[in-house]
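Here's the structure, in structure tokens; my notes come after.
The values are calculated or read from the model by the stated rules, or taken from the named source; none is laboratory data. Since this is a predicted model, take the numbers as computed values, not measurements. Backbone-built Cβ (ideal geometry, glycine too); neighbour counts: all protein chains shown. These area figures cover heavy atoms from the full protein model, side chains too; ligands, DNA and RNA do not enter into them. Shrake-Rupley method; radii C 1.70, N 1.55, O 1.52, S 1.80 Å.
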Amino acid sequence: MPQIPWSTKEISIGQFAERSGVSVSALHFYEAKGLIRSRRTPGNQRRYAREELRRVAFIRAAQRLGIALGAIKEMLDQLPEERTPTRDDWARLSSSWQALLDERIQQMQRLRNALTECVGCGCLSMSRCTLVNPDDRDGLRGAGPQRLYPDRA
């Protein structure tokens, strides 16, 4: 990847995609959702401020944690004057995701521990179902894999 001189304040969408590691179509999508912004040249070409790279890095990091784009947008919308997130912003904004991530970790641990047993009931263990779920008692608690999500009752 050719180095973009630091003095370059705006970069093309191709340069932006290459530097951010995000496809052009994903950048278009992020822009349509209001997560990033560009300006248009007189020839209608997109130009991105270099600072937008930090926003894309923030978006990608949050997505890797499993945070939905809607929640990411809500976080970015909290920044004053739609500025790029700083390290302090990341710490503050991401701290609100702690409980969500803890719950996902617990769900994954339950799934890992019960993977060879029953997903309760959906049903991958028909031969054992009469022992662990006689008369489909789990079905009375609601639809879906009730043993996987015991706190949804």
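Assorted remarks:
Residue by residue, here is whether (1) open to solvent by 50 Å² or more (accessible area, probe 1.4 Å); (2) of a type in the set (Val, Ile, Thr); (3) within 18 Å of Tyr30 (Cα to Cα); (4) modelled with pLDDT under 85 holds:
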position: Phe58; (1), (2), (3), (4): no, no, yes, no
position: Arg64; (1), (2), (3), (4): yes, no, yes, no
position: Ile67; (1), (2), (3), (4): no, yes, yes, no
position: Leu76; (1), (2), (3), (4): no, no, yes, no
position: Thr86; (1), (2), (3), (4): yes, yes, no, yes
position: Asp89; (1), (2), (3), (4): no, no, no, yes
position: Leu93; (1), (2), (3), (4): no, no, no, yes
position: Trp97; (1), (2), (3), (4): no, no, no, yes
position: Leu100; (1), (2), (3), (4): yes, no, no, yes
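- Which numbered condition Gly43 fails, given (1) assigned to a loop (DSSP other than H, G, I, E, B); (2) within 22 Å of Asp89 (Cα to Cα): (2)
- Extreme residue, nearest to Ile4 (Cα to Cα), among residues of the range 30-50 that are out of contact with any helix residue (DSSP H, G or I) (no Cβ under 9 Å at 6 or more places or on another chain) and surrounded by 12 or more Cβ atoms within 10 Å (Cβ to Cβ): Ala49
- Cβ pairs under 7 Å, 6+ apart, first in the range 15-38 and within 18 Å of Pro85 (Cβ to Cβ), second of a type in the set (Gly, Ala, Ser) and in a loop (DSSP other than H, G, I, E, B): Glu31/Ser38
- Among the residues of the range 33-56, those that are of a type in the set (Val, Ile, Thr) and either in contact with a Lys or Arg (Cβ under 6 Å, 6 or more places away or on another chain) or modelled with pLDDT under 90 (or both) comprise Ile36, Thr41.
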